[in-house]
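The values are calculated or read from the model by the stated rules, or taken from the named source; none is laboratory data. All values derive from a computational prediction rather than experimental measurement. FYI the Cβ positions are ideal-geometry reconstructions off the backbone, even for glycines, and counts take in every protein chain you see.
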């Protein structure tokens, strides 16, 4: 669990990273970074504009210190999410930033282990991979089967691919917070 101060630090540096990326500048350097943010962690940065998704990029696994993951993924969500045009200077005052800090992945054999609203899903078959964060199922009021179908779709698999024994499924939890609600 992150403290309120750690969450505020991550949101501030994510916003700095986005603003610098939009202006074509180098990413910010962490200054006076809380020690807890130097531990590796998977995380996603989601950008909304007027409530609509405007970018979302992250690392599933803990490959870098959390603060570095946030700096990098915030910039990529702003200018490199292939689903959207890069943000412009004019967009910056209208965006809201959400951060999801991920737990380690846990592979499951039984989809009944998935708790909608608590778990995110990572699915893989062959070279196809897809992930949906826990809050996605809640936002759309999905049940477990719909959540699995949509994760398969995100992985560019047939929607019922999760029923095949060749498809691997992992679950994870996330600590989710944003600029409006720092406590998640």
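I need the full set of residues from segment 157-183 which are touching a residue at least 24 places away in the same chain (Cβ under 8 Å) and closer than 24 Å to residue 48 by Cα, in order please.
Selection gives 172, 173, 174, 175, 176, 177, 178, 179, 180, 182, 183.
Could you please find all residues in segment 1-41 being assigned to a loop (DSSP other than H, G, I, E, B), within 18 Å of the chain's Cα centre (by Cα) and within 23 Å of residue 81 (Cα to Cα)?
Selection gives 41 alone.
Pull up segment 12-33, narrow it to residues that are out of contact with any helix residue (DSSP H, G or I) (no Cβ under 6 Å at 6 or more places or on another chain) and over 19 Å from residue 88 (Cα atoms), then point me to the one that is surrounded by the fewest Cβ atoms within 10 Å (Cβ to Cβ).
Applying the filter and picking the extreme gives 32.
Condition check ((1) under 19 Å from residue 60 (Cβ atoms); (2) in contact with a strand residue (DSSP E or B) (Cβ under 8 Å, 6 or more places away or on another chain); (3) modelled with pLDDT of 95 or more) across all residues:
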| site | (1), (2), (3) |
| --- | --- |
| 113 | yes, yes, yes |
| 117 | no, no, no |
| 120 | yes, yes, yes |
| 144 | no, yes, yes |
| 152 | yes, yes, yes |
| 163 | no, no, yes |
| 175 | yes, yes, yes |
| 180 | no, yes, no |
| 183 | no, yes, no |
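With the structure loaded, tell me whether residue 57 is closer than 25 Å to residue 170 by Cβ and part of a helix (DSSP H, G or I) or whether it fails that test.
no
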